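Scroll down for the structure; my scribbles are underneath it.
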Amino acid sequence: MQIIDGKAVSEQIKKEIAEEVSRMIAKGEKRPHLAAVLVGHDGGSETYVANKVKACEACGFRSTLIRFEENITEDGLLRKVRELNEEADIDGFMVQLPLPKHISEQRVIEAIDYRKDVDGFHPINVGRLAIGLPCFISATPNGILELLKRYNIDTKGKKCVILGRSNIVGKPMANLMMRKATPGDATVTVLHSHSRYIREECRQADIIIAAMGHPDFLTADMVKEGAVIIDVGTTRVPDTTKKSGFRLNGDVKFDEVAPKCAFITPVPGGVGPMTIVSLMRNTLLAGKREIYP
């Protein structure tokens, strides 16, 4: 069993990006600039955005954090999105989710210029991904692909089960694992809360990507010997032994599943760091105009 160290891989990628940015600056090119919009004071969102700002510094990017209180109107937020669309110096931007209930997340996502949509959530980027055209790929699936690639995990012809059908992870992950590429060329089954025979399907899988948001859902009796397990889950579970009062818990019951695996990602330290570094890679591509000239 080998643990997939997403933290180490992400640090290496940040170094690679910083070197590329240094070469860009040396050639007189513009430093990539990422903006993040944060509405309210959700603890998880605050932490995530702070980590993005730190990652920008490590990569040599400019970053701008734009804050609004929870009572901002939907129209007010949409006005800011349109301003960022027109701001020539900003190469890419993202609006941190979730948003307050009175704001339509879908309206905000669709208002973002798809050429600056470094989160990869805009319907144009989602559609281009589905038919195999160049696009900004949503960060978590893209990070998982990078882990599979850097650990030389063979996916061609393998049976891949994806637990979860979200627009952010499950659906794009299925498209990526089916694509004619490496990693890719897998036979993909997507399972969700209404699927039958989940245990039986999982036991046949060579690769399982768990993204249901259900702590400890995947147990040892659902995994065959030698499987590759990618745990996307990051649920906050109460833990009095922690200073914060909680711990991050994955969708995989790690202690009992890990001994059966060829490869497995831990939580934390697996997929999480790759999500942020994938956003950095999209920002670099936006700055270089490599996807949309």
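Quick notes on this structure:
- The condition of being surrounded by 19 or more Cβ atoms within 10 Å (Cβ to Cβ), touching a Ser or Thr at 6+ places or on another chain (Cβ under 6 Å) and not aromatic (Phe, Trp, Tyr) holds for only one of Val169, Val252, that being Val169.
- Qualifying position, being charged (D, E, K, R) and farther than 30 Å from Ala227 by Cβ, among Arg179, Arg128: Arg128
- Helices (runs of 4 or more DSSP H) within region 93-182 that include 1 or more residues among the hydroxyl-bearing types (Ser, Thr, Tyr): 139-150
- Residue list for region 1-29, filter: outside any helix (DSSP H, G or I), surrounded by 14 or more Cβ atoms within 10 Å (Cβ to Cβ) and out of contact with any Pro (no Cβ under 7 Å at 6 or more places or on another chain): Ile4, Asp5
- Scanning region 249-260 for residues that are free of Cβ contacts under 8 Å to residues at least 60 places away in the same chain and assigned to a loop (DSSP other than H, G, I, E, B), we see that the one that is nearest to Gly43 (Cα to Cα) is Gly250.
- Residue match in region 153-163 (condition: touching a residue at least 60 places away in the same chain (Cβ under 8 Å), among the aliphatic types (A, V, I, L, M) and within 17 Å of Gly233 (Cβ to Cβ)): yes
- All positions within region 138-166 that are in contact with a Phe, Trp or Tyr (Cβ under 9 Å, 6 or more places away or on another chain) and surrounded by fewer than 21 Cβ atoms within 10 Å (Cβ to Cβ): Tyr151, Ile153
- Qualifying residue in region 187-209 (condition: at pLDDT 95 or above, within 16 Å of the chain's Cα centre (by Cα) and under 21 Å from Gly270 (Cα atoms)): yes
- Taken together, Gly164, Gly170, Gly184 contain a single residue that is closer than 13 Å to Leu145 by Cβ and at pLDDT 95 or above, which is Gly184.
- Residues (surrounded by fewer than 12 Cβ atoms within 10 Å (Cβ to Cβ), part of a loop (DSSP other than H, G, I, E, B) and in contact with a strand residue (DSSP E or B) (Cβ under 9 Å, 6 or more places away or on another chain)) located in region 226-248: Gly226, Thr241, Ser244, Gly245
- Single residue of region 264-293 satisfying the filter (surrounded by fewer than 20 Cβ atoms within 10 Å (Cβ to Cβ) and of a type outside the set (A, V, I, L, M)) that is farthest from Lys30 (Cα to Cα): Pro266
The values are calculated or read from the model by the stated rules, or taken from the named source; none is laboratory data. None of the values given here were measured: they were computed from a predicted structure. So basically every Cβ, Gly included, is an ideal-geometry build from the backbone, and we count neighbours across all protein chains shown.
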